[in-house]
Amino acid sequence: MKFIKKLLKWLAAILALIIILLYVFDYDYIIKGVKVVYFTGHKTAFIDDYPYFENDTIKKGTKVDEWPIHKNYNSVKPTEKLKKVNQDWGTIAYVIIKNDSIWFEKYYDGYNKDSKTNSFSMAKSITSALLGKAIMDGYIKNLDQPLSDFYPQYNYAKTTVGDLSSMASGLDWVEHYTSPFSVTARANYDDDLAETILNQKVVKTPGVEFEYLSGSTALLGMVIQKATGKTLANYLSESFWKPMGAANNALWQLDDDKNRLAKTFCCISSSARDFARFGKLYKDNGKWNGKQLLDSAFVKKSITPRFKESPEYGYGWWLKDVDNKHFFMMRGHLGQYVLVEPNDNLIIVRLGHKKSPDQGVGKFTNDITVYIEEAYKMMNN
């Protein structure tokens with residue numbers, strides 16, 4: 001018994017020392033990360049994590065633009081393969097929207113059409129849409145406006161706002177999701193996000209190659225907020241959430257209650273139906289119910305590869321061909337997807353707890369192909 005008590009005292013002392021060192025060397029955000037992730041029984045960030053953070057509300061309008069229900073709604077059952085992968089990969093929402101009507105939808109694990117879950121990096125596509133809106137509104141000149149116009153500390157670099165949107169910023173950022181010491185983890189769990197982002201230097205020639213960096217979109221969000229003088233949640237609400245008739249208020253995670261900077265590289269909590277609205281907006285060249293919410297030229301540029309060597313990315317949107325179909329898409333951690341095939345007037349939304357475990361080919365895991373192929377099998381039936 002004495003040995004156990006002594007051991008516990010030593011362990012407590014070591015733990016206290018570790019905590020002190022984390023604070024001394026400015027890694028105390030790791031403590032929050034441990035509380036949010038491991039103390040809730042998870043191994044990584046999870047789709048229901050928004051209650052553990054400060055949030056700003058993205059307000060819906062007074063009028064809801066409900067999705068029409070297709071005459072053949074849910075008339076076809078999921079394929080056996082789709083049933084299996086939805087179970088194996090923890091799907092919580094799978095929706096097929098054909099010709100702007102909901103043709104099929106199914107929710108799992110207690111979730112429903114109004115459930116809010118974390119977008120993760122699908123927020124990058126929405127942030128890029130806000131860039132297009134800020135240009136359209138005259139707050140930002142164009143995609144070629146220098147970053148240094150908004151943050152003079154970057155006057156040594158030639159990075160533009162378009163470079164931030166297209167993942168060609170040249171920032172000294174390491175995209176790492178497992179190390180608690182990575183800048184990606186710090187950005188997600190630390191307070192004062194702006195301080196973390198502005199510590200990132202431009203170390204590569206911007207505008208010449210694609211390199212996926214969450215810091216690029218985080219900095220883009222800061223530019224948009226500074227240019228408009230509006231919080232990102234409010235600007236998103238007035239620019240898209242209300243005009244597109246979103247059914248529910250959404251939440252955008254903030255760094256802390258003092259600075260209240262939205263994490264634009266991730267973390268908009270909303271529903272499958274409301275996320276799908278951005279797929280429809282881009283499918284329809286920026287127009288919603290006859291009103292041009294986004295410039296059509298900006299939309300076209302967004303869903304076209306910027307670099308020939310990187311055909312998988314445009315400006316804020318991923319691009320992938322599957323079985324001679326040409327998809328553009330929003331993508332997020334753990335398999336959050338809005339997949340759009342404009343030629344077939346098709347939108348597929350999948351939200352869930354995890355994606356397929358393969359490493360993927362060409363930066364895409366296999367689950368994306370499965371969700372697309374099985375949807376077409378269902379429709380062909």
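Dipole magnitude for the stretch 296-356: computed about the Cα centre from +1 point charges on Lys and Arg Cβ and -1 point charges on Asp and Glu Cβ, it is near 240 debye. Residue-wise HN-Hα couplings along the stretch 289-302, as the Karplus relation 6.51 cos²θ - 1.76 cosθ + 1.60 with θ = phi - 60° gives them from phi, are 6, x, 9, 7, 7, 9, 4, 4, 5, 5, 4, 4, 5, 5 Hz; Gly and Pro carry x. Ignoring lysines fewer than eight residues from residue 35 along the same chain, the ones with Cα atoms less than 18 angstrom from its Cα are 43. With label points built 7 Å along Cα→Cβ from the Cα atoms of residue 259 and residue 195, find their separation and express it in nm. If labels sit at residue 259 and residue 195, their model points lie 0.7 nm apart.
Restricting the stretch 308-381 to trypsin sites (Lys or Arg not before Pro) that sit in a DSSP loop and have at most 12 other Cβ atoms within 10 Å of their own Cβ leaves 308.
Legend: calculated FRET efficiency, residue 76 to residue 312, from the Cβ-Cβ distance at R0 = 35 Å, rounded to 0.05, equals 0.70.
For a test of the definition: using alpha carbon positions, the gyration tensor, and the 1.5 limit on a/c, classify the stretch 210-326 as rounded, prolate or oblate. Oblate is the answer for the stretch 210-326, as a/c is 1.5 or above yet b/c matches or exceeds a/b. A cut-off of 5 Å between modelled amide H atoms, ignoring neighbours fewer than 5 places along the same chain, links residue 352 with 92. In terms of its Cα atoms, the stretch 89-191 spans 51, 39, 22 Å along the principal axes, sorted from long to short. In this structure, the amide hydrogen of residue 102, modeled 1.01 Å from its nitrogen in the peptide plane, lies closer than 5 angstrom to those of 69, 70, counting only residues at least 5 positions away or on a different chain. Count Lys and Arg as plus one, Asp and Glu as minus one, and take only other residues whose Cβ is under 15 Å from that of residue 234; the net charge is then +4. Between rounded, prolate and oblate, where does the stretch 28-171 land on the alpha carbon gyration tensor, with a ≥ b ≥ c its root eigenvalues, rounded for a/c under 1.5, else prolate if a/b exceeds b/c? Oblate is the answer for the stretch 28-171, as a/c is 1.5 or above yet b/c matches or exceeds a/b.
Among the listed options (1) 0.94; (2) 1.14; (3) 1.02, the one matching Cα Rg over 2.2 N^0.38 Å as calculated from these coordinates is (3). Of the complete DSSP H runs in the chain, those spanning 24 angstrom or more by Cα along the long axis with a mean Kyte-Doolittle score not below 0.5 are 2-24. Protection proxy ranking for 249-262, 289-302, 32-45, using the average of other Cβ atoms within 10 Å per residue and placing the highest first: 249-262, 289-302, 32-45. Charged side chains reduced to their Cβ positions (Lys and Arg at +1, Asp and Glu at -1) give the chain a dipole of some 660 debye around its Cα centre. Using a cutoff of 8 angstrom between alpha carbon atoms and counting only pairs six or more residues apart, the relative contact order for the stretch 246-378 works out to 14 percent.
Placing a pseudo-label 7 Å from each Cα along the Cα-to-Cβ vector at residue 300 and residue 153 gives an inter-label distance of 3.9 nm. Dividing the convex hull volume of the alpha-carbon atoms in the stretch 252-381 by its residue count gives 153 Å³ per residue.
Quick note: the coordinates plus some simple rules give every number you see, no bench work behind them. A quick note: this is a predicted structure, and the numbers were derived from the prediction, not measured. Backbone-built Cβ (ideal geometry, glycine too); neighbour counts: all protein chains shown.
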